[in-house]
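Visitor: Below you will find the structure I want to go over with you.
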Amino acid sequence: MPGHKTIIDSDISQRALSAYLGLAIGDALGATTEFLTPNEIKVQYGVHETISGGGWLHLKPGQVTDDTEMSLALGDALLKSGGVSAKAVAESFSDWMRSKPIDIGNTVRRGIIEFRNTGRPWVDENEYDAGNGACMRSLPIAILYVNGSQDTLVVASRTQAHTTHNNPLSDAGTEAALEMCAAAMKGEDKTRLKEIADRLVETHKAFRYDKRRVENPSGYIVDTLQAVFQALFDNDDFESTLIDVVNRGGDADTTGAIAGMVAGAFYGQSGIPNRWLKRLDPFIVNRCKSQTDELLKLAAEHPRVSG
């Protein structure tokens with residue numbers, strides 16, 4: 001009914017914030033080992049477990065990459081439009097690219113340029129666009145629609161994803177990650193998270209993650225989520241999960257970000273090591289906090305979904 005609000009309880013609120021901070025921490029931690037092999041990481045760091053910056057982007061300690069920045073840009077679009085709107089999302093991503101970010105994926109860049117040239121805030125389906133770029137930035141959707149139906153989550157996910165990535169595997173993987181985040185925010189146990197991952201595997205067998213350990217995962221959504229699922233289900237705390245996944249190298253800022261958002265939601269604020277939180281860029285910490293608060297306020301008002 002008009003004016004009706006849903007109550008967002010305090011546990012959901014703290015888990016939503018932990019998911020956002022977890023994403024940023026995983027991004028900052030993993031950026032150091034991005035594009036390295038596990039052996040190269042061992043030689044240089046032993047076990048990489050410190051937010052130390054560096055890496056191929058020569059980051060400052062605690063600095064984040066496009067994973068966190070695009071998440072914040074997506075969140076800004078959701079708040080501006082009072083829900084998910086393809087045009088608002090595309091405009092926000094375009095503004096972000098205009099700010100000359102330190103890193104941007106090729107598929108993302110191509111999608112934004114197409115929007116600028118055509119005004120159309122979606123790309124056509126493409127079998128070669130099964131990257132992880134839509135998934136890495138998707139957390140604000142899970143926060144905003146944490147109490148929404150599965151159908152609503154799917155429509156909202158595809159609306160934001162298809163501004164740059166339109167591929168069935170990318171869609172399926174992103175939707176599974178969002179469902180896991182929403183379930184974890186609502187305090188569901190790890191058995192439930194595994195059910196979501198296993199349902200994804202049933203539908204798309206390429207995501208099967210119970211075989212060999214995935215080392216040096218690429219930006220392909222399948223590689224990414226296989227590594228994330230293995231780290232999530234093979235470890236029992238936030239810290240071990242992130243150390244596991246970023247020491248696999250490859251696209252480590254993104255595997256770190258996605259593992260961080262799910263594990264952050266699952267383990268909550270008490271599970272996030274203070275030493276990592278203190279190293280994170282204070283500006284990013286404050287942005288994550290303020291945006292989480294605003295998204296949850298909007299979540300209580302039954303936000304709209306539009307193309």
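Visitor: Within the stretch 1-49, work out how many residues are under 27 Å from Tyr267 (Cα atoms), of a type in the set (Asp, Glu) and at pLDDT 95 or above.
Guide: Number of matching residues: 3.
Visitor: Tell me the residue from Glu40, Glu34 that is out of contact with any Lys or Arg (no Cβ under 9 Å at 6 or more places or on another chain), buried (at least 17 other Cβ atoms within 10 Å of the Cβ) and farther than 19 Å from Pro273 by Cα, please.
Guide: Answer to the check: Glu34.
Visitor: Taking Ser149 as the residue in question, decide whether it is surrounded by fewer than 24 Cβ atoms within 10 Å (Cβ to Cβ), without any contact (Cβ under 8 Å) to a residue 24 or more places away in the chain and under 20 Å from Ala177 (Cα atoms).
Guide: Here the answer is yes, as Ser149 does meet what is asked.
Visitor: Here's a follow-up. Evaluate the following for Ala172: is it within 23 Å of Gly256 (Cβ to Cβ), touching a residue at least 40 places away in the same chain (Cβ under 8 Å) and aliphatic (A, V, I, L, M)?
Guide: No, not satisfied.
Visitor: For the subset of the stretch 61-78 comprising residues that are in a loop (DSSP other than H, G, I, E, B) and either polar (S, T, N, Q) or without any contact (Cβ under 8 Å) to a residue 12 or more places away in the chain (or both), which member is surrounded by the most Cβ atoms within 10 Å (Cβ to Cβ)?
Guide: Across the stretch 61-78, the extreme among qualifying residues is Thr65.
Visitor: Are any residues in the stretch 271-307 at pLDDT below 95, polar (S, T, N, Q) and assigned to a helix (DSSP H, G or I), and if so, which ones?
Guide: None; the set is empty.
Visitor: Select, from Val222, Val214, Val228, the only residue that is in a loop (DSSP other than H, G, I, E, B) and aliphatic (A, V, I, L, M).
Guide: Val214
Visitor: Could I ask something else about it? I'd like the full set of residues that are in contact with a helix residue (DSSP H, G or I) (Cβ under 9 Å, 6 or more places away or on another chain), more than 20 Å from Asp103 (Cα to Cα) and not in a helix (DSSP H, G or I), limited to the stretch 128-161.
Guide: Within the stretch 128-161, Tyr128, Tyr145, Val146, Asn147, Gly148 qualify.
Visitor: Are any residues in the stretch 167-186 in contact with a Gly (Cβ under 9 Å, 6 or more places away or on another chain), over 16 Å from Leu17 (Cα atoms) and either aromatic (Phe, Trp, Tyr) or crowded, with 24+ Cβ neighbours inside 10 Å (or both), and if so, which ones?
Guide: Across the stretch 167-186, the qualifying residue is only Ser170.
The values are calculated or read from the model by the stated rules, or taken from the named source; none is laboratory data. Please read all numbers here as calculations on a predicted model, not as lab measurements. Positions of Cβ are generated from backbone atoms using ideal geometry, with glycine treated the same way; all protein chains shown enter the neighbour counts.
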